[in-house]
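The values are calculated or read from the model by the stated rules, or taken from the named source; none is laboratory data. All values reported here derive from a predicted model rather than from experimental measurement. With ideal geometry, Cβ positions are generated from the backbone for all residues, glycine too; neighbour counts draw on all protein chains shown.
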Amino acid sequence: MGLFDRLSSLIKSNINDLISSAENPEKMLNQILIDMRSQLAKAKQQVAAAIADERRLRDQVDSEYKEGQEWERRAMLAVQEGRDDLAKQALLRQNEHSSHAQQLEATWQAHQAETEKLKNSLRDLNDKIEEAKRKKNLLIARQKRAEAQKQIQQTMSSMSEKSAFEAFERMEAKIEDNERRMLANAEIDEEFSGDRLTKDFKVLEKGAVVNNADAQLLALKQKMGMLPAGAPAQNRQLGGGARPNEETVHAEIEDDHGGAPGDAKKPA
């Protein structure tokens, strides 16, 4: 089982335990992220160790190649000095270091490929954790909406018989009835309390005020020329004088009597 397979199994196990025992989704999501970051930190340490091993192998490869080059230089020196026996031994050492360097280089290349895979897996894990952090708030908001909807449904279910609404309507009707009773009581108090004679005179006084206003209006119309001066009060109309048919009747009466009603005919 690889490094990230073990990490994945561990994270899944922790999450399953949290989900099965979770009472607070927000707390659970926060704990899951804490566990993810903890596992990510451990994975980073192991990937860093793998990178260090890869670089150590690379250094060993370079060191072996340098040793081979050094023994080749010594073999050339021995040949220059006429020591072929030493030159042969130096070449043998060169071959040993070169062969070892090639083996180490093959190991290093394989290790380097595995290290790159680990680094890519670590990047993917980090991206997923960052995505989980972004989704956390959305998931919490969805959970709160679900809880609110559940609470509303429970409240509506508890009001299935409409008892609360019926009580509200009964209270409203009672308040309206109390208002009507208060108005009726006020009307009774005003109608049947105090001095009745005084109230009657107050009514008459109000009528006198209205009549006085009518007289003032007629006087104003006379002043404006809308009524003839000295016209009888009974012929004065608020609309602006006697009506045409009434004037015609008076004229006919005067013609029948041969003049004004107060005039007497003299004998011939």
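A compact table of results
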| read-out | value |
| --- | --- |
| Near pairs, Cβ below 8 angstrom, 6+ apart or cross-chain, from region 130-152 (at negative phi) to any residue that is of a type in the set (V, I, T) | A132/I32 |
| Members of region 125-142 that are surrounded by 12 or more Cβ atoms within 10 Å (Cβ to Cβ) and either outside any helix (DSSP H, G or I) or more than 27 Å from the chain's Cα centre (by Cα) (or both) | L125, N126, K128, I129 |
| Qualifying positions in region 41-100 - basic (K, R) and either touching a residue at least 24 places away in the same chain (Cβ under 8 Å) or part of a helix (DSSP H, G or I) (or both) | K42, K44, R55, R56, R58, K66, R73, R74, K88, R93 |
| Any hit, region 4-17, residues being among the aromatic types (F, W, Y) and modelled with pLDDT of 85 or more | no |
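Conditions tested, residue by residue: (1) buried (at least 17 other Cβ atoms within 10 Å of the Cβ); (2) assigned by TED's automatic domain parsing to the domain that holds N126; (3) over 60 Å from the mean Cα position of the chain (by Cα).
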position: E54; (1), (2), (3): yes, yes, no
position: Q80; (1), (2), (3): no, yes, yes
position: R83; (1), (2), (3): no, yes, yes
position: E114; (1), (2), (3): no, yes, no
